[in-house]
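Novice: Once you've had a glance at the structure underneath, I'll fire off some questions.
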């Protein structure tokens, strides 16, 4: 006799899933054949007992870690200059080097430092003084290159760290180190740690957003990918959400043609029920990541178009950020979008700007790079300040390492190249409890070694977490039997000299 049609329900579908999944993975799940068999015979009793004792699924969802003490900053905008900006051409003025033009870097300065394969074969290391003029600005007297006229106007709003250093000498491990606290990929990045620790300020937008700005000069683009904004071993919901800079900000965020919102809502309700059943059966916390992502995507269908629609911005905004702010994908446009994000409660905004890897043609590329970011960075700081957001928003600017004082390849008075340099580089902060008008750290006359107040990457991370109200030594996540930390196991210190 023909069986009557039985409509599919989330429960019936899930029972089929469990039956097939168990059969396929029967032998793989146990430590041995006999252990698997025993577990198989006990499974019904164990599952029944677990269902009676299982707490509500919502009670098992990851919660924000929470600050250890009152934070000075609530949100972060991190501007990463991919490739390593040349500190002695921008912020670390070395006038003595003008008299060392084309002379060899003394061995007593280099001290046998490990070099990249791009310059290790050079027969000599000729010193290349900066071709750009510098001037002092503000009450702090900070020296700034002529390439950054807008930045020079706001030095008293900024905190400069001229003594950053790292162990990484090549881009991939160096960027990974700067973003995750480890040169090996697979760890959570800073933005993910902040998301895990502090949670969301707006349930309709992601906690952590990533934007990749397109430089006007694309002579040498470094490879960057989603592993830099991965949540690593943290729950997947803390990974960065990448917004595209052209077309729809997020792929597939809109309903397919012919699918109205009420149908999409019904579908998501059914999917959520299936995932909750899956969670109670398997106990995988990543199931809740999927649930949260589907629900957030549904809410973002309304919130993201409003966020990215800049048609209501007055002309004065574009005068502040520069005309490039009207062009989607430019650094200025992403900087303006970052302000709109923190204004609406996005906790952490990461902007990557590429093409700072000046192994050659400094005179041809560095001015273009600086023009991309100079006025836009100024506009961002002033915009945040006038809206009352700078005190609670920490803005960070920097790369993964610095550049060498000696030239890579040919050297002339008008042009030169610089190799990677991990021993010293410059970063700056503004707002969010950082100390304005501060110049911290000092390098030698060759801009090669640090002579005062070194700041390691782990120190930098510890300081950022401190500004957000987190004790980096107590801020941990249990993984593979260890309490993992962003700052690792080696000693790191909060740089209190740069905290207001």
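The values are calculated or read from the model by the stated rules, or taken from the named source; none is laboratory data. These figures come from a predicted structure and were not determined experimentally. Reconstructed Cβ throughout: ideal geometry from the backbone, glycine too, with neighbour counts over all protein chains shown.
Novice: Among the candidates 335, 325, which residue alone is part of a helix (DSSP H, G or I), within 27 Å of residue 174 (Cα to Cα) and touching a helix residue (DSSP H, G or I) at 6+ places or on another chain (Cβ under 7 Å)?
Specialist: 335
Novice: Follow-up. Taking residue 137 as the residue in question, decide whether it is touching a helix residue (DSSP H, G or I) at 6+ places or on another chain (Cβ under 8 Å) and at negative phi.
Specialist: Values: touching a helix residue (DSSP H, G or I) at 6+ places or on another chain (Cβ under 8 Å): yes; at negative phi: yes.
When the stated conditions are applied, residue 137 passes them.
Novice: Moving on. Being in contact with a helix residue (DSSP H, G or I) (Cβ under 9 Å, 6 or more places away or on another chain), surrounded by fewer than 20 Cβ atoms within 10 Å (Cβ to Cβ), at negative phi and part of a helix (DSSP H, G or I), is that true of even one residue in segment 388-402?
Specialist: No; the residues of segment 388-402 include none that is in contact with a helix residue (DSSP H, G or I) (Cβ under 9 Å, 6 or more places away or on another chain), surrounded by fewer than 20 Cβ atoms within 10 Å (Cβ to Cβ), at negative phi and part of a helix (DSSP H, G or I).
Novice: Tell me, which residue of segment 70-115 that is at pLDDT below 95 and assigned to a loop (DSSP other than H, G, I, E, B) is surrounded by the fewest Cβ atoms within 10 Å (Cβ to Cβ)?
Specialist: Per the criteria, the residue is 112.
Novice: Quick one: residue 359 ticks every box in (1) within 22 Å of the chain's Cα centre (by Cα); (2) at pLDDT 95 or above; (3) part of a loop (DSSP other than H, G, I, E, B) except a single one, so which number is it?
Specialist: Tallying (1) within 22 Å of the chain's Cα centre (by Cα); (2) at pLDDT 95 or above; (3) part of a loop (DSSP other than H, G, I, E, B), residue 359 fails exactly one: (1).
Novice: Another question, if that's okay. Is it the case that segment 340-355 has a residue that's farther than 17 Å from residue 243 by Cβ and surrounded by fewer than 24 Cβ atoms within 10 Å (Cβ to Cβ)?
Specialist: Checked against the condition, which is being farther than 17 Å from residue 243 by Cβ and surrounded by fewer than 24 Cβ atoms within 10 Å (Cβ to Cβ), segment 340-355 yields at least one hit.
Novice: For segment 235-247, indicate whether the set of residues that are modelled with pLDDT under 70 and more than 16 Å from the chain's Cα centre (by Cα) is non-empty.
Specialist: yes
Novice: Next question. Listed residues 336, 411, 394; which is farther than 30 Å from residue 445 by Cα and in contact (Cβ under 8 Å) with a residue 60 or more places away in the chain?
Specialist: 394
Here is a yes/no grid of residues against (1) within 30 Å of residue 118 (Cβ to Cβ); (2) in contact (Cβ under 8 Å) with a residue 12 or more places away in the chain; (3) assigned to a strand (DSSP E or B):
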residue	(1), (2), (3)
427	yes, yes, yes
459	yes, yes, no
470	no, yes, no
474	no, yes, no
478	no, no, yes
486	no, yes, no
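Novice: Condition (residue is under 19 Å from the mean Cα position of the chain (by Cα) and either modelled with pLDDT of 95 or more or under 23 Å from residue 65 (Cα atoms) (or both)) applied to segment 478-485: is it met by at least one residue?
Specialist: In the first step, residues of segment 478-485 are kept if they are under 19 Å from the mean Cα position of the chain (by Cα); the result is 484-485.
Add one more test, that the residue is either modelled with pLDDT of 95 or more or under 23 Å from residue 65 (Cα atoms) (or both), and what stays is 484-485.
Taking every residue of segment 478-485 in turn, at least one turns out to be under 19 Å from the mean Cα position of the chain (by Cα) and either modelled with pLDDT of 95 or more or under 23 Å from residue 65 (Cα atoms) (or both).
Novice: Then there is this: Looking for something at pLDDT below 95 and under 24 Å from the mean Cα position of the chain (by Cα) - is there at least one such residue anywhere in segment 147-155?
Specialist: For segment 147-155, residues at pLDDT below 95 and under 24 Å from the mean Cα position of the chain (by Cα): absent.
Novice: Next question, about the same structure. Condition first: farther than 23 Å from residue 476 by Cα, outside any helix (DSSP H, G or I) and at pLDDT below 95. Can you find one or more residues in segment 178-191 that meet it?
Specialist: Kept after step one, since they are farther than 23 Å from residue 476 by Cα, are these residues of segment 178-191: none.
Among the residues of segment 178-191, not one is farther than 23 Å from residue 476 by Cα, outside any helix (DSSP H, G or I) and at pLDDT below 95, which makes the answer no.
Novice: Then there's this: Residue 124 versus (1) surrounded by fewer than 16 Cβ atoms within 10 Å (Cβ to Cβ); (2) touching a residue at least 60 places away in the same chain (Cβ under 8 Å); (3) in a loop (DSSP other than H, G, I, E, B); (4) on the phi < 0 side of the Ramachandran plot: which is the lone unmet condition?
Specialist: Among (1) surrounded by fewer than 16 Cβ atoms within 10 Å (Cβ to Cβ); (2) touching a residue at least 60 places away in the same chain (Cβ under 8 Å); (3) in a loop (DSSP other than H, G, I, E, B); (4) on the phi < 0 side of the Ramachandran plot, residue 124 violates only (2).
Novice: Separate question: Do you know which residues across segment 221-234 are more than 10 Å from the chain's Cα centre (by Cα) and buried (at least 20 other Cβ atoms within 10 Å of the Cβ)?
Specialist: Correct list: 231, 232, 234.
Novice: Identify the single condition in (1) more than 30 Å from residue 386 (Cα to Cα); (2) at pLDDT below 75; (3) more than 22 Å from the chain's Cα centre (by Cα) that residue 302 does not satisfy, given that it satisfies every other one.
Specialist: Every condition holds for residue 302 apart from (1).
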